[in-house]
Every structure is written in structure tokens, then in C-alpha cells.
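This report refers to the structure that appears directly beneath it.
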Amino acid sequence: MSTDIGVWVAGLLTLATYSYLYKENPAYRLAEYLVVGVGAGYTLALGWQNITAKAIQPIQQGRYLSLLPLLLGVLLFTKLSQKQSWIARYPMAIMVSLGVAVSVRGAVSANLTRQIGATMLPLTSTNNILMVLGTATVLGYFFFTFPANKALTYGSRVGQMFLMVAFGAMIGSVVMLRIAILISRITFVFGDWWGILK
Amino acid sequence: MVEIDKRWLYLVLFLAVFVPMLRPLGLPVDVGKWSSDVFKAVEALPPGSVVLLSTDFTPSAEGEVGATRDVIAKHLVSRGLKAVLVSFVPQGVRQADMVAAIYEAAGKRSGVDFVNLGYVPGGETGIAAFFADIKKTCPSDTKGVPVEQIPLLQGLDTIEGISLIIQFHTTVPGAHEYVRQLVPYGVPLAIVISTGAMATVTVYVQAGQAVGILGGLQAAAEYEKLTGFLGAATKAMDSQSMGYLVFISAIVLGNVFYFAGKRAASRSGAAGGKRI
């Protein structure tokens, strides 16, 4: 059995979390609150570290341009005042517009033209046929411009089936994720903590 | 309708996962194309090349991609590749530390063979800034050493100096943001991802925007097999397979009981005459 206090804390919290499977209890709630609290504390500490390294230290070294982002950040806190909250709209507008501009720059190529190109495949293999058929019929399913004729109705039904298969695959993936987490926790409790698994 | 307390299902699932850990079944691990492609991309790099490991994942994804992180780090070390570590999510810094620990355990030196640049805030904007100017975005490493004094970063100004990016995607920002921001640079990208989000990034491989994907624990086991560094993922494969078996059995049995119950109900309804 481990003598590391960190392993003991993590192990006990793991058991407290899984105790929810039996029924809701105070140990589970403690673990839940700790996750939220520790996560928030960690992010706060890291945020402060960042402000120090990327704004305060450069200002101390005479790079006064760093005052600008610092000031915009401080202005966000005016949201806390009902009277002055309008001021926060300026840094917010700058953040949103910058974010959108940066995303859009690559989005057209990365998410649109390259993806359209990737579905223009020669119908020479089963995979390619399924890819083209699936893309076309799923797009048909979401085609609402005019009332569906017979071809579009049948096409969208096929598209619906492709969607169901895709959703099934996604749910299957989530099951895989949950089992992987369970394996990791069992390995930790029985291996790293209790030393039963080698 | 048969009603079963779901806690029995939890118990069966626990046993299905736990027993193979005590008595391994030795089920085979087949290597998929995408894992093989990532492996080949790493193998193709000449020793001394710089790989960017972007550990953008939180501890909640440790069970799925933690093993991949370890085996990739061991592979990079064994190939003599240098690593720049960075994270665009706050909790990812700790994951980068774990990669650094593997480098250090192999006798590699911080600043020469690897460097941990820590957390870069700003999401996608932060990624764009990092790609355009690495040193300006990260003035120092996690030990506080200014980037000007880090030998590994000399001559490495933009992302174009990186030979391969391995991005761990489990949250935002992740692979989608990387793919968008890599458009002007064209640096090869490999994605490590939890299986839950895998369906959202497979399109990037088909479109040639990523060299391959390592999805979940299964891919970690495949990578361990390819590299020969057998570890936690390989050990977990039997448990994973048995866990799936429980789920599949539960789905099949649930449907059998559901339709049997429905049939019995309709029969008893017919026997009892017409219902109003």
C-alpha cells in the first residue's frame, strides 16, 4: 500500500466519487465541491501568474504597451457595477471581434473548401461511395428551401439513416471513454494505492 | 417488463473490467491505419528535429490519453527528437510536466532537448499568436528562464521551425482551432484525442489536414505495440474489451426483454378482449 499522502487523498476522492453509483451521499458531494473549488483556485493562480509574467513584469521593464491589455482586463470588472457596466462592453467587443477575425481567417479554407474537396471522391471503392452518398443525403435531409419532392424525400430518409449510424458511433465512443476512465481509476485504486495490481 | 436495479449492472461492469486485470486474457491488439500513420510521421523525422507537443487536456482525460502522452514521449526520446511543450488550457501545464519528466528520466536537459513553455491564454487567439511568434508569446519557460537564454529556441521563431505538431485534443481550444490556424503554415499535425470526440476530427484526416489520429486508450495500445514500449494501455485492453462486452450484452438483453414484454402485453390484451 502506498505511503504517499497525495495518492491517499486521490484514492479516497475516487472512492467518494464512485460512491454516487450506490446512492447520493455527503462524501460524493464533498468530492464534487472539491473538484469545482480546486479547479477554480488553480485557474485563478495560473491567471495571476500570467498577468504577472505578461503584463506587470514587462511594464516594470519599461514596456508600457502592456498597459493596454491590462487596462482592458481591469475594465471587464466594471460589470460588477450596475451603473458602470457599459464600460465593460468595450473590452468585450475587442475580445469578440478579435476572436472572430482570427477564427474566420482559417475557417473558410480549413472548414469549408478543404472539406468540400475531401468529399469529391471518385466512386471507385465502397468507402468512397458511402462517403459521397452519406454527405449528399445528409445534406438533403437538412434541405428546407422548397417542399420536398419524391427524390428528396427518399434521399433524406437515407440521410436520416446515415445520421442514426453517426449518432450510434458517437454514443459508442462515449461508452469507450467512460470505460477507459473506469479502467484508469481501478488501476489507480488497486494498483498505485493498495498495491494489489502489479 | 423486467426491472433490474442498475447497481447490479455497475457491479457486473466492475467485475468485467477488474478480473482481466488480475488474470489477463491476452487478447490481440490490431494496429489501425491512423495510429500507424502517426508512428510513421514520427519515424520519418531526422534526429534533432523539433516536435511541438501541445498538451491541451485536463486531468479528467488522463484515463484516455495519458498513456498516449507517455508512449509518445518515450518514442520521441528514443528517436533523439527535441520537444517544445506548450498548453492552451490551464490544466495542460501539468501534463506537459509529465512529458518533461520522461525526458529528464532519460537524461535529457531542459532548454537543450526539451522546453516547457507553460500555459498560453487566449484560446484560438493565443494559438494564432504562438504560431506567428513563439518567443513573443512565451517570454520565458515554466522555470522562469527567458526564451533568449534557451538554446533549443534559438532560430525557432515561428511554428514553421517545428517539424511535427502533436496536439492533444479533449477540450476547447483543440484540434479545430489548430487546423484553422495552421492554414498559412502547413506544418504536419497529428491529433491525440479522447474517443468521445473522435468523430468530430476524423474529417481532418480525410481532407489531408492531419497526418493521423490517436483516439483513446485503444490507439495508445496500438502505439505501444508499434514502438515496443508496452505499458498501461496494453494492459488495459482486456479490461476494455470485457467492458464493451457487458455493454453490448446489456443492450441486446434490454431489447430482448423489451420486445418480449411488449409481446406478452399484447397477448394478454388480446385474451382480455378489446381495450377502450
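The values are calculated or read from the model by the stated rules, or taken from the named source; none is laboratory data. All values reported here derive from a predicted model rather than from experimental measurement. Counting neighbours? That spans all protein chains shown, and the Cβs are built from the backbone with ideal geometry, glycine included.
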Just to confirm my filter: which strands (runs of 3 or more DSSP E) fall fully inside the stretch B:18-130 and include at least 2 residues that are modelled with pLDDT of 95 or more and within 14 Å of chain A (Cβ to nearest Cβ)? B:82-87, B:114-119
Please enumerate the residues belonging to the stretch B:1-17 that are surrounded by 11 or more Cβ atoms within 10 Å (Cβ to Cβ) and more than 11 Å from chain A (Cβ to nearest Cβ). B:ILE4, B:VAL12
Unique residue being within 12 Å of chain B (Cβ to nearest Cβ), in contact with a strand residue (DSSP E or B) (Cβ under 9 Å, 6 or more places away or on another chain) and polar (S, T, N, Q) when the list is A:SER109, A:SER103, A:SER173, A:SER184: A:SER173
Tell me which of these B:PHE114 doesn't satisfy, since it passes every other one: (1) under 24 Å from B:VAL172 (Cα atoms); (2) buried (at least 21 other Cβ atoms within 10 Å of the Cβ). (1)
Report yes if some residue within the stretch B:175-188 is surrounded by fewer than 23 Cβ atoms within 10 Å (Cβ to Cβ), more than 9 Å from chain A (Cβ to nearest Cβ), in contact with a strand residue (DSSP E or B) (Cβ under 6 Å, 6 or more places away or on another chain) and under 25 Å from B:GLU43 (Cβ atoms); otherwise report no. yes
Of everything in the stretch B:135-163, what is in contact (Cβ under 8 Å) with a residue 40 or more places away in the chain and part of a helix (DSSP H, G or I)? Give them in sequence order. B:PRO151, B:LEU152, B:LEU153, B:ILE159, B:GLY161
Determine, yes or no, whether B:LEU153 is crowded, with 20+ Cβ neighbours inside 10 Å, more than 14 Å from chain A (Cβ to nearest Cβ) and either under 20 Å from the mean Cα position of the chain (by Cα) or modelled with pLDDT of 95 or more (or both). yes
Within the stretch B:160-174, considering residues that are more than 13 Å from every other protein chain (Cβ to nearest Cβ) and aliphatic (A, V, I, L, M), the one farthest from the chain's Cα centre (by Cα): B:ILE162
Restricting to the stretch B:131-145, count the residues that are at pLDDT 95 or above and buried (at least 19 other Cβ atoms within 10 Å of the Cβ). 2
